[in-house]
1. Please pull out the direction-averaged projected area of segment A:225-459, using the convex hull of its alpha-carbon atoms, in nm² to one decimal place.
2. How much space per residue, in cubic angstrom, does the convex hull of the C-alpha atoms of segment B:243-324 take up?
3. Cα convex hull of segment B:76-197: how many Å³ per residue?
4. Can you sort A:V60, A:V373, A:V387 by how many other beta carbons sit within 10 Å, fewest first?
5. Per the Kirkwood definition applied to all pairs of different Cα atoms, how many angstroms is the hydrodynamic radius of segment A:124-202?
6. Given labels modelled 7 Å from the Cα in the Cβ direction, how far is it in nm from B:R167 to B:H380?
7. With viscosity set to 1.567 mPa s and temperature to 4 °C, compute the Stokes-Einstein D of segment B:32-134, Rh being the Kirkwood radius across alpha carbon pairs; µm²/s, no decimals.
8. Once you have the alpha carbon radius of gyration of segment B:385-437, what is it after dividing by 2.2 N^0.38 Å, with N set to its residue count?
Amino acid sequence: MQPTLLALTLVLLTVIGFLAGRSRAAASVGGRVAELHSVPSYHGLYVALWAGLPALLLFVAWTASEGWLAMQLVLSGLPDRLTAGDVQSLSLLKADILNLARGISTGREPDPAVAEAARRYGALRDLAGWSLLAVGASLAVAGLAWGRHRIGPDLRARPAVERVVRAALVVCSLVAILTTVGIVLSLLFEALRFFSIVSPADFLFGTHWSPQVAMRADQVGSSGSFGALPLFAGTLLVTVVAMTVAVPVGLMAAIYLSEYAGRGMRTWLKPTLEILAGIPTVVYGFFAALTMAPAVRAAGEALGLDVSSESALAAGIVMGVMIIPFVSSLSDDVINAVPQSLRDGSYGLGATKSETIRQVVLPAALPGVVAAVMLAVSRAIGETMIVTMASGLTANLTANPLQAVTTVTTQVAALLVGDQEFDSPKTLSAFGLGLVLFLVTLCLNVVALRVVRTYRERYD
Amino acid sequence: MTDLIERETAAVPPAPVRAAGPRSHYKGEAFARRLRARHAAERRFRRAGAAAVAVAALMLVLLIGSIAARGASAFWETRIRLEVALDPAEVASGNYTAPLRRALHAQFPQVTDRAGRRVLNDLLSSGAPYELEAMVARDPAMVGTVRTVWVRADDEIDQLAKGHYRRDLPEGERGLSDAKVAAADALAAAGALAQGFNTTLFTAGDSREPEQAGMGGAIVGSLLTLLVTMLLSVPVGIAAAVYLEEFAPKNRWTGLIEVNINNLAAVPSIIFGLLGLAVFLGFFGLPRSAPLVGGLVMALMTLPVIIIAARAALRAVPPSIRDAALAIGASPLQTVLHHVLPLALPGILTGTIIGMARALGETAPLLMIGMVAFIVDIPHGLTDSATVLPVQIYMWADSPERAFTERTSAAILVLLGFLVLLNGVAVILRRIFERRW
């Protein structure tokens, strides 16, 4: 409740600051606004920023640190017998305190010391909320007063406001960088913890994958087995199937649309293809599991083949269909970037249209097409829902697309869906897989995007 | 370069072509055959191209068609007519099951044994007593009278009435007992079985019973998540695009940001889920399954899309606009905020809507942050446990009951409807505001 109250107060004070600054600026020159350095509304913004910005920064910093600080205070007050345990029991204790403080029953009678800690925690948070409100509001009022005090005919309000706005713009553009840093750090951090339990060589080259770790240490399979090779092989298999569908169809569709189809046909065929790209992946997954997999199985049985009901073929075909528009729109771009003079030269030598395309346009567009295929491969490797819904969960090291395989993304999803214990190698292995996935797709993307760019520049 | 053409031209004698004698390369049977072969190859290639487009279009039709065929019937639900006598004592004790069962048994006076009655009881949805309770709450005058009410049928009866069970199969293979089929047929013959528009599908939360399951909770969850995504990614994305396109010096640092944004747009979505799990849940301790966290993850995911679209829109504004504004004394920031940005806004808006449509259909990252839980209640706030439409589809697709297949397809149709709506708005906006400089 207090954060909402503070937010409302801040909004109110900012608006007041704006109005006060504007009117004071006009008053300071007796209404002859032309004598001001900046127009009055910039003075208003100047005061508003003084009122809102410091308090907002305080609010953010406070909210970020408050919970942690309160928890540390509470924990330091607990008897040693409770806090002496290892990391896991400590995090369990913290969770108990949090739940009790929020009034959620933990299902068992709490230790009186823990109940007391929870009460103290709640009281501390409450106190912190009210003091934040008080401090934040007074900071805003002080800022307002200071900003208003500075206003005069000589105040360079506009440059000051613009400096702040530009700084905000820079911060926004850094969010993208921070996201990448966050991805790399979180994957790396968790993956390193995983690799301290399972050696990277076993992970990358082991052929047995069974992440289910038994509850008790003395049970069979208590260590789990984290050889991810079958997962990589399964991903590769599904990707290969998808590419054998997507690349020929996508490329031929792009060629047809850009070289053969008339203008009228193109205007409605291109958007139709793009609808395929806009369909959510979960829909493809449903289609793969309910329509394609039985169809593939029936077709296989008609041919006398033994097809698994969760075959890599069905998932791969549907994934290929999903990627067709991706390949075709990227190839379309590169084919259109090939200069007309090359085509005209070829026609002048007497080549037919298809000869021109196959022997002049495509070789000239080849780097771009290869880049498009690489981006499509990266898309296929990272695709999750189709394989989660239509391919199996059992790791199977095979090159036969009629059998069920599992993929990296399927396993990441399976390992992390539902309740998970932190710090268990089972949960952490998902981050190991995620790191591999990220690195592989990153390499593909970086190379492909660079090729696309240099290629575009070459013909510009 | 072109072996075919080279082969043809290499054989051309250096003498003028027109002067070629009877042994000319361009005459005779062999030449005609070659030409026919080349033209046939041309036709084959062209047909291959047309076939590729046709295959893609066919898959689209098959995809949408198969789902529409499965899901269309879910928009109707089967109801059973009962003459319910509401006993005040039973109502007072909250027993709404007994009046319903009495009314049902009264329609089958010949059934007196326990097993037969149990079959009859199973015709009704387990949610039927709650429906009756709600009716009584709306109209207390019902108590003590006999009223005709329509209550929801069990999902098996619903599926039977829609013809999804094969009656010609023997009992064991059909998955529905002959007794139930006979009872349902008797009800239908008496006109006590009817189908109406399925409002439950849109208003109810999730349920283990297919006939009571709805996607209301998921739709609200999707909207809440999308709201957070929009509030975060649109301002930040536009601000970042403005900085990179209008103010940033062209140096290594901004080059790095640019490469980084392009790469981020191609990072698999599940990686963003891992980021959300490790940072928002693990590090900041935000609640699991909350639309707030889902929205944060989606915002990071759509940010590069919005930045790229916004930059393209800003680049399309001609420099003369900027020059004119600067010439009459506007500051660089005023130039951008007062002139360039408003002109680029339609383009930015279109890109934003497409980014939102992508976020609406995304599933994988939300599985990582626990939005895949079974949640009956409709969420009311950003930190309530919630699920979203695509995840609801994923969960229903996993359910074994055949009635859930139908509901899954219907949910997909609704999701596709939302997406068509969003993209349609984007197309219309582009048509209205499109401007050629």
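Coordinate-derived values only; no laboratory data. What you are looking at is a predicted structure, and each value in this text was computed from that prediction instead of being measured. Cβ: placed from backbone, ideal geometry, glycine included. Neighbour counts: every protein chain shown.
1. Value for segment A:225-459: 15.2 nm².
2. Convex hull of Cα atoms, per residue: 120 Å³.
3. Cα-based convex hull of segment B:76-197, divided per residue, equals 107 Å³.
4. Sorted ascending by nearby Cβ count, the order is A:V60, A:V373, A:V387.
5. About 17.7 Å, per the Kirkwood formula over Cα pairs.
6. 4.7
7. Answer, rounded: 66 µm²/s.
8. Dividing the Cα radius of gyration by 2.2 N^0.38 Å gives 1.68.
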